[in-house]
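Novice: Structure below; questions to follow.
The values are calculated or read from the model by the stated rules, or taken from the named source; none is laboratory data. Note that this is a predicted model, so its numbers are computed, not measured. Using ideal geometry, Cβ is built from the backbone for each residue, glycine included, and neighbour counts are taken over all protein chains shown. Heavy atoms of the whole protein, side chains included, go into the accessibility calculation; ligands, DNA and RNA do not. Shrake-Rupley method; radii C 1.70, N 1.55, O 1.52, S 1.80 Å.
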Amino acid sequence: MNDIKVTKIEKSRVKDFDFSNMPPFGHAFTDHMFVADYIDGEWKNFEIKPLQNLSLHPANLTLHYGQTIFEGMKAFFTDKNEPILFRPKDHAKRFKRSAVRMSMPEIPEDLFLGAIKALVKMEINWIPKEVGSALYLRPFMIAMDDVIGVKPSKTYKFVLLTLPSGPYYSRPLSLKASMNFVRAVKGGIGEAKTAGNYGASLYPFNLAKELGYDQLMWLDANEHKYVQEIGTMNIFFVIGDTVVTPMLDGAVLHGITRNSIITIFKDNGYKVEERLISTDELIKAYNKGQLKEVFGSGTAAIIAKIDKLDINDKIMTFDTETFKVADFAKKYINDVRKGIIEDKYNWIERI
Ligand SMILES: Cc1ncc(COP(=O)(O)O)c(C=O)c1O
């Protein structure tokens, strides 16, 4: 993609940015953004420009009916100081799937990747070099029609934001199984990265937070019995000598980290099962001393260990210092990202 109009900021803020003492995730942005418009059935007006507000009509369809999707991924430096992306084509594919589910136009892979590479190249000095830090990339698409009425928009805007971010979830997390509220139902929008899933989670999440928990563990919508995932992560258990994770049942997000670590485990001799996991099974395994590890997987943290799991007031605690399986996966992915071990699955994309 060569036809990007570029307008540079007069003076970059990067020199004044303290990478060793970054604000919390989501608060700091780089100098520029990428934007494109979908008008008359095609993507056009590709532009990199100084980060600025969008102008929206008050009837903008996204504001009223939530026709919007997003992705989250990261750019890093390898140990050889090469800027790279981790599985960006898989993020492009998931973005497409989300678009289809939300009746939005697909973004061609070369536009998605071209925008990312062009903006990251321009913001290269914003990629943090500190261990565990990265440049977080937030591509999103919103409906732009300014007509009140529930129907798909005819016009859209694609925007890419880049945010320097420090290490995420460095401490173990506590989880509470959500017995009264659900995140997603088969046939709903759980597999799409769309705003509604996250907006709907805020109220139950706050209730759990008031009780002192870091995150909710979502259960299936029909029986409130089978585990689905965590707030913004997929979930894994080590039961006996087997790594177990909920199968993709039509309501769970197809996590790219989830897929990466399943691949790594299978290739390294671990027994892995993707299947239904009931809360009863977890409690029984815990009581028998067989529930060895619980951890979440996601782009933000790669792996977040769980030290406390509450299922209907049955409190289970874990010594995360002993989590060998979680550590193996985290180290493997980190080493691929750093370029220390061979990228045999072609997950790394150079910028
Ligand atoms: C609901 C949900 N589940 C799981 C994940 C983990 O997905 P990934 O590994 O692709 O970051 C995310 C983050 O994108 C998420 O928002």
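Novice: Restricting attention to the stretch 34-64, report how many residues are hydroxyl-bearing (S, T, Y) and either over 28 Å from G199 (Cα atoms) or not in a loop (DSSP other than H, G, I, E, B) (or both). Explain how you work it out, then say what you get.
Specialist: The initial filter retains those residues of the stretch 34-64 that are hydroxyl-bearing (S, T, Y), namely 38, 55, 62.
Adding the requirement that they be either over 28 Å from G199 (Cα atoms) or not in a loop (DSSP other than H, G, I, E, B) (or both) leaves 38, 62.
Residues flagged as hydroxyl-bearing (S, T, Y) and either over 28 Å from G199 (Cα atoms) or not in a loop (DSSP other than H, G, I, E, B) (or both) within the stretch 34-64 amount to 2.
Novice: Of everything in the stretch 272-298, what is open to solvent by 60 Å² or more (accessible area, probe 1.4 Å), within 29 Å of G72 (Cα to Cα) and outside any loop (DSSP other than H, G, I, E, B)? Give them in sequence order.
Specialist: E273, E274, R275
Novice: Out of all the residues in the stretch 20-34, which are at pLDDT 95 or above and surrounded by 16 or more Cβ atoms within 10 Å (Cβ to Cβ)?
Specialist: Answer for the stretch 20-34, where residues must be at pLDDT 95 or above and surrounded by 16 or more Cβ atoms within 10 Å (Cβ to Cβ): A28, F29, T30, D31, H32, M33, F34.
Here is a yes/no grid of residues against (1) free of Cβ contacts under 8 Å to residues at least 40 places away in the same chain; (2) crowded, with 19+ Cβ neighbours inside 10 Å; (3) among the polar types (S, T, N, Q):
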position: P128; (1), (2), (3): no, yes, no
position: S133; (1), (2), (3): no, yes, yes
position: Y136; (1), (2), (3): no, yes, no
position: V147; (1), (2), (3): no, no, no
position: V150; (1), (2), (3): no, no, no
position: R171; (1), (2), (3): yes, no, no
position: S174; (1), (2), (3): no, no, yes
position: I189; (1), (2), (3): no, yes, no
position: S201; (1), (2), (3): yes, yes, yes
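Novice: Something else about it: Check the stretch 275-288 and report whether any residue there is free of Cβ contacts under 8 Å to residues at least 40 places away in the same chain and within 25 Å of the chain's Cα centre (by Cα).
Specialist: Checked against the condition, which is being free of Cβ contacts under 8 Å to residues at least 40 places away in the same chain and within 25 Å of the chain's Cα centre (by Cα), the stretch 275-288 yields at least one hit.
Table: residues versus (1) part of a helix (DSSP H, G or I); (2) modelled with pLDDT under 95; (3) basic (K, R).
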position	(1), (2), (3)
L113	yes, no, no
K117	yes, no, yes
K121	yes, no, yes
E130	no, yes, no
L135	no, no, no
M141	no, no, no
V147	no, no, no
V150	no, no, no
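Novice: Could you give me the residue pairs with C-beta distances under 9 Å whose first residue belongs to the stretch 89-111 and is more than 25 Å from K151 (Cβ to Cβ) and in the same structural domain as G190 (by TED's automatic domain parsing), whose second residue is open to solvent by less than 10 Å² (accessible area, probe 1.4 Å) and aromatic (F, W, Y) wherever it lies, and which are 6+ apart or on separate chains?
Specialist: Filtered contacts from the stretch 89-111: no entries.
Novice: Looking for something more than 16 Å from the ligand (Cβ to nearest atom), assigned to a loop (DSSP other than H, G, I, E, B) and surrounded by fewer than 21 Cβ atoms within 10 Å (Cβ to Cβ) - is there at least one such residue anywhere in the stretch 249-266?
Specialist: Of all residues in the stretch 249-266, those more than 16 Å from the ligand (Cβ to nearest atom) come to 266.
Among the residues that remain, those that are also assigned to a loop (DSSP other than H, G, I, E, B) are: none.
No; the residues of the stretch 249-266 include none that is more than 16 Å from the ligand (Cβ to nearest atom), assigned to a loop (DSSP other than H, G, I, E, B) and surrounded by fewer than 21 Cβ atoms within 10 Å (Cβ to Cβ).
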